[in-house]
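I have placed the structure first, in the form of structure tokens, so that the comments after it can refer back to it.
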Amino acid sequence: MVKGEGCEADRLRRLRWRCRRGLLELDLWLARFADNGLETLSDEERGNFEALLEEADADLLAWLEGRMPAPEDHAHMLGLIRTVG
Amino acid sequence: MDKRVFDAVILGGGGSGLRAALQLADSGFKVAVVSKVFPTRSHTVSAQGGITAALGNVTEDNWHWHMFDTVKGSDYLGDQDAIEFMCREAASAVYELEHMGLPFSRLDNGKIYQRAFGGQSQNFGGEQAVRTCACADRTGHALLHTLYQRNIAARTQFFDEYYALDLVRDAEGYCLGLTAMSIETGEPILIEARATLLATGGAGRVFWNTSNAMINTGDGLGMVLRAGLPLEDMEFWQFHPTGIAGVGSLITEGVRGEGGYLVNSRGERFMERYAPHARDLASRDVVSRAIATEIHEGRGCGPHADHVLLKLEHLGEQVIAERLPGIRELSIRFAGVDPVNGPIPVAPTAHYMMGGIPTNLNGQVVAPARYGPEEPVPGLYAVGECACVSVHGANRLGGNSLLDLVVFGRAAGRHMIEYLTENPYPRELPDAAVQFGLKRLARWSETRGDETVDGITRELRRLMQKHCGVYRKRAVLEEGLGELAGLQERAGKITLGDQSRVFNTARIEALELENLLLVARATIVSALAREESRGAHSREDFPQRDDDRWLKHTLYHLENDQLDTKPVRLKPLTVDSFKPMARSY
């Protein structure tokens, strides 16, 4: 395997594992996105997704469900998840 | 293999694990918390309702009334010494959280906000009490984040994204730590500690329909069974009647309160037959059993005939949009149905596990041994949903689970400090015990057959839903046990497609499946043994509670599927015992 490829695959797998959350609904949102949208992300978007995953479960779900206004930084990624998921 | 030494190791980063860890770290002990996801992503965040304590901020209240409600709610299967302990400690546990900085909602007079939950009464079954302390709708989140920050300050060491393999015990039964693997590198690690606490949470993923997050796979329960120790009362699982079928997202009773109703595959409003007056607004257990019976008798909907339909269309778009916007969104998103146009597929959904690892009220794991049925296992503790202390008995009351976490997390922490002080030196580590978990891990690198983790997991969850969900009777359970044996055999023929080391989630899911299979076995064998209906366990063939034969706990051992029992502790610590009465509300 080419070294770069290994790192790329590892990075995707790491992101997939970090989609495991404390709330079922969040698992469902993120798992669906990971299955359908993760591989087509640009480098920048992937960074955005990583940053989004650092947020607290309760906030993340509230933003996805539109119960709370999301911070500007995450708006694009949340929009993608809502469309793809 | 890498080896790390601590005074204590805590497995699980949820509320109970972090509360115990804090007790130890604040006392200067060297503590490790091992968690397969980041601790603040533990399932504790799903506890939105609050934490129950008789503070009396809204209605007159005292811990003794809370104790009565909990004993009654448990259908008299809860241990009354543990329940008294929990209810007496509740107020101080809540004030302690307040002092740690948990931002509770406030009443106008500045006191902690409390809300009313079902099953809460004043004066031993009188007027509704208002007892559950809340931090808006995110009490679990606030609790977890508060405890996590305090642990960071107290220098608890976190092993984030480590997956535990097995306990390490010596010939005399002392627990000396555990083996785990780094999910990131795939490398195993030995964490040696004189005291080990299991705080791995629930195992709802064993059912097809569950509200539990994907991490709730009963890892601590599997470890305990493989270590030759029993599990208690595993037949008791709390179900919510209406979760989205195959998804598990809960659809609140409020939907039926607004006029939504259930129909079967023939379009019949079947609740009329089960509860002629209350119909769709009957209590949770009645609705759950009615749905399960319809499905069992072949009147379920969908290609697997495994759910019924919740109809809302007749309410009209305006009412749905105004009063049930969250439900509409959930249904569109996860069931693919806009309830304005079509019915929501629903089925009973596993929510909480009352049984688990038997402990005493110090959180010490107890098991039958030479001198009695409840001898502590030296160096081994358990708290939270994975443990059975038993304060929830046959049925848990809302608001008591967060309380269970902090009261017994603290109690276990205190006792571990005593134990560590009395046992200051490490014991010799037997190599065979260390190898046990590593061999289990290594087996997943072999090619064994053409079964897949995903395939077996799906079949297991369908099997449990069908044979050991809400609808239970001997023939159905026995058939389930037979099919489970077949699945266990086929699980031995799984080959992992992905053999990479880094973040190999397929391997983690395989290890989780091993634990789920054991949880399933414990649940079915225990459900078969208990020939009565009590709390969340209801048998079609034994519809009554039978205090003469079954006012006792079951204990399941992996070896030969042995099923023992032990008495319920009916004697509280200081007050009079509550004698079993009919449980009606």
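Calculate how many DSSP beta bridges within the stretch B:277-400 are antiparallel, expressed in % of all such bridges and rounded to the nearest 5. If you can, show how the numbers build up before the last one.
Working: 9 of 11 bridges.
Of the beta bridges lying entirely in the stretch B:277-400, close to 80 percent run antiparallel.
Leaving out ligands and nucleic acids, note down the accessible area per residue over the stretch B:320-478 with a 1.4 angstrom probe, in whole Å².
I get 38 Å² per residue for this part.
Let me check against my output: what whole-number percent is the relative contact order of the stretch B:1-128, with C-alpha pairs under 8 Å and at least 6 apart?
It comes to 20 percent, rounded to a whole number.
Leaving out ligands, DNA and RNA, what percent of the accessible area of the stretch B:145-239 is carbon and sulfur, probe 1.4 Å?
Numbers: 980 of 2210 Å².
About 44 percent, which is the carbon plus sulfur part of the accessible surface.
Suppose every Lys and Arg Cβ carries +1 and every Asp and Glu Cβ carries -1, with no other charges. What dipole size does the protein assembly as shown come out with about its Cα centre, to the nearest 20 debye?
Dipole size: approximately 560 debye.
Calculate how many DSSP beta bridges within chain B are antiparallel, expressed in % of all such bridges and rounded to the nearest 5. Walk me through the numbers before you get to the answer.
On the way: 46 of 71 bridges.
Beta bridges within chain B, antiparallel portion: roughly 65 percent.
Along Cα→Cβ, 7 Å out, is where each label goes; now give me the distance between the ones at residue B:443 and residue A:45 in nm to one decimal.
Roughly 4.2 nm, to one decimal.
Once you have all Cα-Cα distances for the stretch B:1-156, histogram them in 5 Å bins from zero and send the whole-percent values.
Answer for the stretch B:1-156: a P(r) of 2, 9, 16, 18, 17, 16, 11, 6, 3, 1, 1, 0, 0 percent.
Identify all lysines with a Cα-Cα distance to residue B:72 below 23 Å; exclude those on the same chain that are fewer than 8 residues away in sequence.
Correct list for residue B:72: B:552, B:566, B:571, B:579.
Over the stretch B:166-271, average the accessible area per residue using a 1.4 Å probe and give it in Å², no decimals.
Normalised by residue count, the accessible surface of the stretch B:166-271 is 21 Å².
Over chain B, what is the mean sequence separation of C-alpha contacts under 8 Å (at least six apart), divided by residue count, expressed as relative contact order in percent?
Averaging sequence separation for qualifying contacts and normalising by length gives 21 percent for chain B.
Of B:174, B:198, B:259, which is farthest towards the positive pole of the stretch B:152-297's charge dipole, taken about the Cα centre with +1 and -1 on the beta-carbons of Lys, Arg and Asp, Glu respectively?
B:259
Could you give the length gained on full extension between residue B:499 and residue B:268, defined as 0.36 nm per residue of separation minus the Cα-Cα distance, in nm?
78.1 nm
Can you sort A:46, B:461 by solvent-accessible area, 1.4 Å probe, largest first?
Correct descending sequence by accessible area is B:461, A:46.
Can you pull the accessible area of residue A:28 for me, 1.4 Å probe, Å² to the nearest 10?
40 Å²
Once you have the Cα-Cα distance between residue B:322 and residue B:370, take 0.36 nm times their residue separation minus that, and quote the gain in nm to one decimal.
11.0 nm
Report, to the nearest whole %, how much of the accessible area of the stretch B:292-435 belongs to carbon and sulfur atoms, 1.4 Å probe, protein only. If you can, show how the numbers build up before the last one.
Working: 2730 of 5300 Å².
So the carbon and sulfur contribution to the accessible surface is 52 percent.
Could you check the spin-label model distance between residue B:283 and residue B:258? Points 7 Å from the Cα along Cα→Cβ, value in nm.
2.6 nm
Let me confirm one metric for peptide B:36-44, namely the mean number of other chain beta-carbon atoms within 10 Å of its residues' beta-carbons. Walk me through the numbers on the way to the answer.
Numbers: counts 2, 6, 7, 1, 6, 10, 3, 5, 2.
Rounded to a whole number, the mean comes out at 5.
In the protein assembly as shown, how does Rg compare with the Kirkwood Rh, expressed as the Rg/Rh ratio over alpha carbon atoms?
When Rh is taken as the Kirkwood radius, the ratio is 0.94.
Could you tell me, in Å, what Rg and Dmax come out for the Cα atoms of the stretch B:409-449?
Considering the stretch B:409-449 through its Cα atoms, Rg and Dmax are 17.5, 50 Å.
Just counting partner chain Cβ atoms within 10 Å, what average do the residues of peptide B:327-333 show around their Cβ?
2
Order the peptides B:346-353, B:446-453 from the highest to the lowest mean number of other Cβ atoms within 10 Å of their residues. Could you put the intermediate results ahead of the total?
Working: B:346-353: 27.4, B:446-453: 13.6.
The peptides rank, most packed first, as B:346-353, B:446-453.
So for the stretch B:1-138, taking the charge dipole from beta-carbon charges (+1 Lys/Arg, -1 Asp/Glu), which of B:76, B:43, B:1 sits furthest toward the positive end?
Comparing the listed Cα positions along the dipole, B:1 ranks first.
Just want the answer: with Cβ charges of +1 for Lys and Arg and -1 for Asp and Glu, which residue in B:457, B:471, B:486 is farthest toward the dipole's positive end in the stretch B:417-519?
Looking along the dipole axis, the top candidate is B:471.
Hey, could you grab the Kirkwood Rh for chain B? Inverse mean 1/r over distinct alpha carbon pairs, Å, one decimal.
For chain B, inverting the mean 1/r across all distinct Cα pairs yields 24.3 Å.
Using a 10 Å cut-off on Cβ atoms, rank the peptides B:479-488, B:217-226 from the highest mean neighbour count down.
Working: B:479-488: 16.1, B:217-226: 26.5.
Order by mean packing, descending: B:217-226, B:479-488.
Over all pairs of distinct alpha carbons, what does the Kirkwood formula give as the hydrodynamic radius of chain A, in Å?
One over the average 1/r among Cα pairs gives 13.2 Å for chain A.
Express as a percent, rounded to the nearest 5, the fraction of DSSP beta bridges in the protein assembly as shown (both residues included) that run antiparallel.
65 percent
If I compute solvent accessible area with a 1.4 Å probe over the protein chains, what percent of it on the stretch B:1-56 is carbon and sulfur?
On the way: 610 of 1480 Å².
Percent of accessible area from carbon and sulfur atoms in the stretch B:1-56: 41.
Taking the Cα centre of the stretch B:514-562 as origin, sum charge times position over the Cβ atoms of Lys and Arg (+1) and Asp and Glu (-1), and report the length of that vector in debye to the nearest 20. Before the final figure, lay out each step's value.
Values: 7 positive and 10 negative charges, 29 e Å.
Dipole of the stretch B:514-562, to the nearest 20 debye: 140 debye.
What accessible surface, in Å², does a 1.4 Å probe find on residue B:30, ignoring ligands, DNA and RNA and rounding to the nearest 10?
Its heavy atoms expose roughly 110 Å² to the probe.
Mind grabbing the accessible area of residue B:471 for me, 1.4 Å probe, Å², rounded to tens?
20 Å²
Can you bin the stretch B:447-504 into rounded, prolate or oblate? Criterion: square roots of the alpha carbon gyration tensor eigenvalues sorted a ≥ b ≥ c, rounded for a/c under 1.5, prolate for a/b above b/c, oblate for the rest.
prolate
Keeping all protein chains in place and using 1.4 angstrom, which order do B:317, B:514 fall into by accessible surface area, from largest down?
Largest to smallest exposure gives the sequence B:317, B:514.
How big is the dipole moment of chain B about its Cα centre under a simple scheme where the beta carbon of each Lys and Arg is +1, that of each Asp and Glu is -1, and everything else is neutral? Debye, nearest 20, please.
With Lys and Arg at +1 and Asp and Glu at -1, about 380 debye.
Return an integer: the convex hull volume of the alpha-carbon atoms of the stretch B:401-512, in Å³ per residue.
It is 208 Å³ per residue.
Whole number in Å², please: accessible area per residue of chain A, 1.4 Å probe, ligands, DNA and RNA not counted.
Per residue, chain A has 48 Å² of solvent-accessible surface.
Is there a simple number for the mean count of other chain Cβ atoms within 10 Å of the Cβ of residues in B:500-506, and what is it?
For this peptide, the per-residue mean of nearby foreign Cβ atoms is 5.
Checking an interface number: how much accessible area is buried between A and B, summed over both chains, with a 1.4 Å probe, in Å² rounded to 100? Each step should come with its number before you reach the end.
Numbers: alone 5470 and 22580 Å², together 25300 Å².
So the buried area, both faces added, is about 2800 Å².
Step through the residues of the stretch B:457-464 one at a time and calculate ³J(HN,Hα) from phi using the Karplus curve (6.51 cos²θ - 1.76 cosθ + 1.60, θ = phi - 60°), rounding each to whole Hz and writing x for Gly and Pro.
Values per residue, Gly and Pro as x: 4, 4, 5, 4, 5, 5, 4, 5 Hz.
The values are calculated or read from the model by the stated rules, or taken from the named source; none is laboratory data. The model shown is predicted, which means the values in this text are computed figures rather than measured ones. Methodologically, a virtual Cβ is constructed for each residue, glycine included, from the backbone with ideal geometry; neighbour enumeration extends over all protein chains shown. Side chains included, ligands, DNA and RNA excluded: accessible areas come from the protein's heavy atoms. Shrake-Rupley method; radii C 1.70, N 1.55, O 1.52, S 1.80 Å.
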